[in-house]
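*Asks:* Sharing a structure with you now.
Every number in this text was worked out from the coordinates using simple rules, so none of it is lab data. None of the values given here were measured: they were computed from a predicted structure. Heads up, the Cβs are rebuilt from the backbone with ideal geometry, glycines too, and the neighbour counts pull from every protein chain shown.
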Amino acid sequence: MAEARLLRKKISKSERVNALPIPARLLFTWMIPHLDVEGRMSGNPKIIQQTVLPLASFTPNMVDKWLNMMQDQKDDITGKGLIERYEVGNNKYLWMPGFIGEQSPRGGQTWKTWEPASDIPAPPDGPEETPTPAKKPKVVKATDDIIDPVFGKMCEDYENNIGMLSPMLSDRVKIIQDEYPEGWFTLAIGEAVTYNKRNLKYIEAILARWKTEGINPLEEIPAKEKTEEGRIQEYTDD
């Protein structure tokens, strides 16, 4: 299961969502990151309360009531609620009918290329389960759809050491690839990790300093000085 999901601005103007009381709206939006790749999760109110609202003073009975309210908010075309509750083998589940359509591709690929398949049974009257594609290299050139292994390695190094790449951050990494020699980005990530400055802005500042001072880190990474933080400060607002 992913650590994050997309939440689009249009949810603020959804009449069906706004018809819910505020605590139910909170629950609805907070459930989204807990959904699996098919938009499903446990429908047991107690489990949802413990998983989605662990620090809130809401009871499972309150959660159960709000889940029913979500299901009652039917779409005029599909007839489906914001969520649909169902049981399989005496186990309670729910799924969010609009989930898959709202999770847009990332880096030119569907998120299903890196998430495991759902282990929750499909709803009896839900859509057919879409197959999870085989994993592909996560980054593809937008210009010619040819896999760029250098860019892919840069993104992999970033996500392994710094954090997840959003589409906007991926664009900045692409700019770095075009502006600096191959290998610099990975070395700059190492510097950022050393100083516990795990963000792209700091990495960009390191690269800018190397370029400005005529340093080639591939030949020799500059000795780490006590004034390193001050030197990087010249290129950042942090």
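*Asks:* Quick check: residue separation of Asn61 and Lys9 times 0.36 nm, minus the Cα distance between them. What number comes out in nm?
*Replies:* Answer, rounded to one decimal: 15.8 nm.
*Asks:* Using the structure shown, select from Lys153/Lys211; Lys10/Lys74; Lys13/Lys92; Lys174/Lys211 the pairs with a Cα to Cα distance greater than 19 angstrom.
*Replies:* Lys153/Lys211; Lys13/Lys92
*Asks:* Right, something else. Provide the net charge surrounding Pro181, with neighbours chosen by a C-beta distance below 13 Å and charges set as Lys +1, Arg +1, Asp -1, Glu -1.
*Replies:* Its environment carries a net charge of -3.
*Asks:* Still on this structure, please answer the following. Using a Förster radius of 45 Å, what is the FRET efficiency between Lys74 and Lys211 based on their Cβ-Cβ separation? Nearest 0.05, please.
*Replies:* Plugging the Cβ-Cβ distance into 1/(1 + (r/R0)^6) gives 0.20.
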